[in-house]
Amino acid sequence: MSFPGAVLMGAQARLLDPTIPYRYFAAALGFHILLWALIAAFPEDAAVFAGGSGPALAALHSLTLGVLTATAMGAAFQMLPVATGRPLRSTRAARIASWFFIPGTGLLIWGMAAGEHLPMALGGFAVALGLGIFLVLISEILWRARGFEPLGRFGLTALAALLVGVALGFVLIMDDDHGFLDQRARTAAVHLIVAGFGFMGLLALGFSHVLVPLFALAQGVPAGESRATFALSALGLVAGAAGVYHGVWFLAAGGAFFGLLGAALHLRGMARCLATGMRKNLGVSALLLRAGWGFLVTSLIVGLVTALGFFEMQGPRLFAFLALFGWLLTFLLGVLQRILPFLGSMNATGAGTKPPRPSELAPEGLLRAHALLHALALVLVGTGIGMEAALPVRLGGIAGLLGAVIYAGFALRIWWLIHGRPHATIKERP
Amino acid sequence: MFALRLGILRSLHEEHVAMLAVLERLENLLAANGPRNPPDATEESVAKLLADVAAALGDDVTHHYAFEEARLFPRFAELADPGIPEMLRQEHEIIRPLAERLVAIIAQAKTDGFTTATWAEFHGTGGEVAEREAFHIQKEEMGLLPALDQMLEEDEDGPLQMAYVEMKGG
């Protein structure tokens, strides 16, 4: 069966041992707090970051590996077998991947923050091993489920980008000690583009094809439109990365332009899903999704303008900030806000017990407080980067930290309501 | 939602659409009037909404649920997976008494209006019904109906439609 809702049918039967996805989600919540704490504690580094080890690089990887990639791993292990009907080859391997990936990320971030090569290299190696296992397990599922076109096309390309991104990251770590790269800054920029837009970005676009119609109870995106979005996005990615690496700025600008066309097409499909869906009131999560999409477009416009030479150093910094924090982090928090209560409720259904209400799992007030603080953090840190001023970055970091603590509280609350509290039993009809 | 091939599934889908529209109006009423702030049940728009909620829920928990449990869930279990119909049936068991209670409060409010106590109960029960029913419909719309549309034979459609009409008529 290949329809978006296959994600639901068989969901209970095929739900993983919840400790597998939840360990990745728990790690992501912890790194989410850490990244804002690093920004709040070291705002000068974030405001004028131009590469090199230090707290800003550590905060950046706390976001990209600790939050975005960890969540993608948990979500992929949890949802792809259910969505495609193809089971994971080995749940033990999914656990082993976490043993390498989660502590490896911690060690890598510590090495980056302290500017110490050995923990960076050991952490990077462990991260690469964990991601390697993830890549094998997930690419096998996607390959066997090629009939579900959008997931297969976006997912497999995202995994190819992950391979390139990890390889470039490892080269950058080795270069940090040995200094063999001629074009270190450009290699780092390509690493950011391939890992951010290629891996996480394409994965976000692919998952959106399933999740947004599911949330809104809407018709999926037509195949032709999805193929065109993919072609434009992939073309933009390749052109952007090649242009940046070779310093051919019109090629990089062309990459941003094709990316914008792909994003516009994708957003048209998503807007149609939300407008025509049977569920109109999607709460705070829809606000975060829409804000994330807005940041996607803004980041590509800033990238285009930067490639055309209109910005100084603030251009690349703002481009990276808007794409990674504005688009990917905001979008991911919006998605998690809906799928954590959903998965929790699916885990709680059955065995004659009455699962908690969705609003019990996701209280609106808590979610609004988080969204407000997240928005404040983005505005303040973005302003600080644009002005190269530490104070707004520090204030933004504090707002982000408070928001991240609230978000972790939201997730822990779901865990407690599902797993820690006894449930009422269902009265069967005579 | 999806372009469903079988008429019986299209009928159930149309009932889901109508139910979600009523539930959205109910949620708006609950949002506009807190649990301690009963609306005037005789006011035209409130009375119309209460009548629509009672009609939709009354029909849903009797014919719609019963038909699914009697004719579709066993077929789905036979063709695919017994766990899913069991989960959906358990959700029916949770929603059914809540919906029946809500319909009973509406019947009382029609004659006596809402007191602070009856509105508070209506507010809590109505909110729970709206949430649980919408979540339940989400599962059926995204999973059960499209899956059955792929699995059932076209010649099963006519007898199923007849059975549903008879169930409603009876």
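Tabulated values for the structure
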{"read-out": "Helices (runs of 4 or more DSSP H) (entirely within region A:1-117) containing at least 1 residues that are at pLDDT 95 or above, away from chain B (no Cβ under 14 Å) and over 24 Å from B:MET87 (Cβ atoms)", "value": "A:19-41, A:43-47, A:55-61, A:70-84, A:91-114"}
{"read-out": "In region A:236-255, residue nearest to the other protein chains (Cβ to nearest Cβ) [restricted to those that are touching a Leu at 6+ places or on another chain (Cβ under 9 Å) and of a type in the set (A, V, I, L, M)]", "value": "A:LEU237"}
{"read-out": "Enumeration of residues in region A:107-131 that are open to solvent by less than 30 Å² (accessible area, probe 1.4 Å) and either more than 19 Å from A:VAL164 (Cβ to Cβ) or in contact with a Leu (Cβ under 9 Å, 6 or more places away or on another chain) (or both)", "value": "A:LEU108, A:ILE109, A:GLY111, A:MET112, A:PRO119, A:MET120, A:ALA121, A:GLY123, A:GLY124, A:ALA126, A:VAL127, A:LEU131"}
{"read-out": "Pairs with Cβ under 8 Å, 6+ apart, first in region B:10-35 and away from every other protein chain (no Cβ under 12 Å) and touching a residue at least 40 places away in the same chain (Cβ under 8 Å), second in a helix (DSSP H, G or I) and among the polar types (S, T, N, Q)", "value": "B:SER11/B:GLN161"}
{"read-out": "Some residue of region A:299-321 being over 17 Å from A:LEU378 (Cβ atoms), among the small types (Gly, Ala, Ser) and open to solvent by 40 Å² or more (accessible area, probe 1.4 Å)", "value": "yes"}
{"read-out": "Cross-chain or 6+ apart pairs with Cβ under 7 Å, region B:143-156 first and facing chain A (nearest Cβ under 10 Å), then among the charged types (D, E, K, R)", "value": "B:ASP149/B:ARG5"}
{"read-out": "Hey, A:ASP176 more than 14 Å from chain B (Cβ to nearest Cβ), more than 18 Å from the chain's Cα centre (by Cα) and not in a helix (DSSP H, G or I) or not", "value": "no"}
{"read-out": "The listed residue being basic (Lys, Arg) and open to solvent by less than 20 Å² (accessible area, probe 1.4 Å), out of B:ARG71, B:ARG96", "value": "B:ARG96"}
{"read-out": "Residues located in region B:47-67, provided they are out of contact with any helix residue (DSSP H, G or I) (no Cβ under 7 Å at 6 or more places or on another chain) and aliphatic (A, V, I, L, M)", "value": "B:ALA47, B:ALA51, B:ALA55"}
{"read-out": "Residue, farthest from A:LEU329 (Cα to Cα), within region A:364-384, restricted to residues that are open to solvent by less than 30 Å² (accessible area, probe 1.4 Å) and at pLDDT 95 or above", "value": "A:GLY384"}
{"read-out": "Output for region A:174-219, where each listed residue is farther than 24 Å from A:TRP249 by Cα and of a type in the set (Val, Ile, Thr)", "value": "A:VAL210, A:VAL212"}
{"read-out": "Candidates A:GLY269, A:GLY259, A:GLY294 - the one that is open to solvent by 20 Å² or more (accessible area, probe 1.4 Å), in a helix (DSSP H, G or I) and either touching a helix residue (DSSP H, G or I) at 6+ places or on another chain (Cβ under 9 Å) or not β-branched (Val, Ile, Thr) (or both)", "value": "A:GLY294"}
{"read-out": "Complete set of residues in region A:342-353 that are modelled with pLDDT of 70 or more and open to solvent by 10 Å² or more (accessible area, probe 1.4 Å)", "value": "A:PHE342, A:LEU343"}
{"read-out": "Every residue from region B:54-112 that is away from chain A (no Cβ under 14 Å) and in contact with a Phe, Trp or Tyr (Cβ under 6 Å, 6 or more places away or on another chain)", "value": "B:PHE67, B:ILE105"}
{"read-out": "Failed criterion for A:LEU318 (all others in (1) closer than 30 Å to A:GLY243 by Cβ; (2) of a type in the set (A, V, I, L, M, F, W, C); (3) modelled with pLDDT under 80 hold)", "value": "(3)"}
{"read-out": "Residue in region A:342-365 that is of a type in the set (Gly, Ala, Ser) and away from chain B (no Cβ under 14 Å) present", "value": "no"}
{"read-out": "Enumeration of residues in region B:113-142 that are surrounded by 22 or more Cβ atoms within 10 Å (Cβ to Cβ) and more than 14 Å from every other protein chain (Cβ to nearest Cβ)", "value": "B:PHE114, B:TRP119, B:PHE122"}
{"read-out": "Subset of region A:182-235 that is away from every other protein chain (no Cβ under 14 Å) and assigned to a loop (DSSP other than H, G, I, E, B) - its residue that is least open to solvent (accessible area, probe 1.4 Å)", "value": "A:GLN183"}
{"read-out": "Matching residues, region B:36-63, being exposed (fewer than 15 other Cβ atoms within 10 Å of the Cβ) and outside any helix (DSSP H, G or I)", "value": "B:ARG36, B:ASN37, B:ASP40, B:THR42, B:GLU43"}
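The values are calculated or read from the model by the stated rules, or taken from the named source; none is laboratory data. This structure is a prediction, so every number in the text was calculated from the model and none was measured. FYI the Cβ positions are ideal-geometry reconstructions off the backbone, even for glycines, and counts take in every protein chain you see. Just the protein is used for accessible areas: all its heavy atoms, side chains included, with ligands, DNA and RNA removed. Shrake-Rupley method; radii C 1.70, N 1.55, O 1.52, S 1.80 Å.
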